[in-house]
Amino acid sequence: MTVIDFSAFIGRLATASGETILPFFRTSLSIDDKSKTKDFDPVTEADRAAEAVMRRLIKANFPQHGIVGEEFGNEREDADYVWVLDPIDGTKSFIGGFPIWGTLIALLHKGAPVFGMMHQPFIGERFSGDNGSANYKGPSGERRLQVRRCTSLAEATSYTTSPLLMNESDRAIFGRIEKGARLSRYGGDCYSYCMLAAGHVDLVVETELKSYDIAALIPIVTGAGGVVTTWEGKPAQGGGRIIAAGDARVHEEALRLLNP
């Protein structure tokens, strides 16, 4: 099958997960804390139910494929095709009733992300990409996604989910980005990357990401003309310290600040 063929199946995964999640949104939920440290890392029944639904569909249609998921671990990671799932990226926003969360679905071929989707079922938005192009579908219709030009960090709008998620050293380094950017804002999780792909944000800088936090977003950002790497300028699909930029000039300038 081609990536185009797989895209229809990814749409099925998005629909099924969204139908599973929405009955839980803005209701009284039982919330568990996955963290073994003082940092709060919530998970809900909605997270688990949505991932379970997607796993069942994948296994029924592509039993030879691997799966990497946030809630139920990894299977057949060495397969040529591997699905990387984050049922609710932005669970803290989800439990707070804010709609800035989404389901992340990535397809990897021989370790590289070749297709990704971010689905926000409450708003009814889908952002998808295959590295060569990226697309939006939602209440305002359908359109191609394109990053915007930005000549320098001094003209850039920068996002991070929260500097409190960074260790002390990385937070100090990130301060250089905040000082140099025209505007620095917090929040967003996966939405920040999609807004970058849509041309509304110029830079996203994060740390401590897992593969399921970023793999689906890479084909969307790169398909819209942006750049996603680690702080060291390496491939980002494994997670870690991540930087995404709409304009390569901002990416290069930010890398210099992150690696003085």
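The values are calculated or read from the model by the stated rules, or taken from the named source; none is laboratory data. Please read all numbers here as calculations on a predicted model, not as lab measurements. Glycine gets a Cβ as well: all are built from the backbone with ideal geometry, and neighbour counts include every protein chain shown. In case anyone asks, the SASA skips ligands and DNA or RNA and just uses the protein heavy atoms, side chains included. Shrake-Rupley method; radii C 1.70, N 1.55, O 1.52, S 1.80 Å.
General remarks:
- Rounded accessible area of residue 206 (nearest 10 Å², 1.4 Å probe): 10 Å²
- Taking Cα centre as origin and charging only the Cβ of basic (Lys, Arg, +1) and acidic (Asp, Glu, -1) residues, the dipole magnitude of the range 153-258 rounds to 100 debye.
- Scattering from the range 153-258 was approximated by placing one identical point on each alpha carbon and applying the Debye formula without solvent; log10 I(q)/I(0) at 0.16 1/Å stands at -0.57.
- Heavy-atom accessible surface of the chain: percent carbon and sulfur, 1.4 Å: 51 percent
- Global form of the range 6-144, assessed from the alpha-carbon gyration tensor, a/c cut-off 1.5: oblate
- The range 103-166, accessible area per residue, ligands and nucleic acids excluded (1.4 Å, Å²): 45 Å²
- Given 92/210; 210/234; 110/234; 59/234, the pairs whose alpha carbons are separated by over 21 Å: 59/234
- Treating each Cα of the range 130-183 as one equal point scatterer and applying the Debye formula with no solvent, the log10 of I(q)/I(0) at q = 0.18, 0.23 Å⁻¹ comes out as -0.80, -0.89.
- Backbone HN-Hα couplings from phi across the range 194-199 [Karplus 6.51/-1.76/1.60, Hz, Gly and Pro as x]: 5, 5, 5, 5, 7, x
- Virtual spin-label span in nm between residue 151 and residue 76, 7 Å along Cα→Cβ: 5.2 nm
- Taking the Cα centre of the chain as reference, the dipole from Cβ charges on Lys and Arg (+1) and Asp and Glu (-1) amounts to some 500 debye.
- Scattering profile of the chain at q = 0.15 Å⁻¹ [log10 I(q)/I(0), Debye over alpha-carbon scatterers]: -1.05
- Per-bin percent of Cα-Cα distances, the range 89-146 [10 Å]: 23, 44, 29, 5
- Rounded to the nearest 10 degrees, the inclination of helix 248-258 to the longest alpha-carbon principal axis of the chain is 80 degrees.
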